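Any read-out appearing in this document is the output of simple, stated calculations on the displayed coordinates, not a laboratory observation. Just so you know, these numbers come straight off a predicted model, no measurement behind them. Ideal geometry is used to build each Cβ from the backbone, glycine not excepted, and the neighbour counts take in all protein chains shown.
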Amino acid sequence: MPLYTYVLSYKGATHVAQGSHSNFKGFISTWCSDLPANALPALTPALHRKLIEKAHYGEFAPVANASNAWRKSIDVDGSDFVVVAVQTQR
């Protein structure tokens, strides 16, 4: 299975997570549910719960001028939570 690197950003903070999956789309535990406490300081426990509720909605879009990279933005309390998935190993 490919290795995917997920680059997460929210309110000026960034966190990186990785996981081996058959595809990058349906495995929110890697980049959302299992996010360590304080990985993104502005993402309070209450906002993290909101993110988990919304994580399956919306689609990833290919990143322009990049191979094997996709981006998704989720509104969390009026701010964009951005996740970029990059296939880093085949």
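For the residue pair Ala42 and Ser20, what label-to-label distance in nm results when each label sits 7 Å from Cα along the Cα-to-beta-carbon direction?
Label at Ala42, label at Ser20, 3.5 nm between them.
Tell me whether region 1-50 comes out rounded, prolate or oblate; compute the Cα gyration tensor, take square roots of the eigenvalues as a ≥ b ≥ c, and use a/c under 1.5 as the rounded threshold. Spell out each step's value before the answer.
Values: a/c = 2.75, a/b = 1.86, b/c = 1.48.
Prolate, since a/c reaches 1.5 and a/b exceeds b/c.
Identify which of the listed values of volume of the Cα convex hull per residue in Å³ was calculated from the structure shown: [x] 137; [y] 87; [z] 173.
From the options [x] 137; [y] 87; [z] 173, the structure gives [y].
Which of Ala64, Ala13, Ala55 moves the most in a Gaussian network model of the chain with Cα springs under 10 Å?
Highest fluctuation among the options: Ala64.
Could you give the dipole magnitude of region 1-70 about its Cα centre, charging the beta-carbon of Lys and Arg +1 and that of Asp and Glu -1, in debye to the nearest 20? Could the numbers behind the result be given before it?
On the way: 5 positive and 3 negative charges, 32 e Å.
Here region 1-70 has a charge dipole of around 160 debye.
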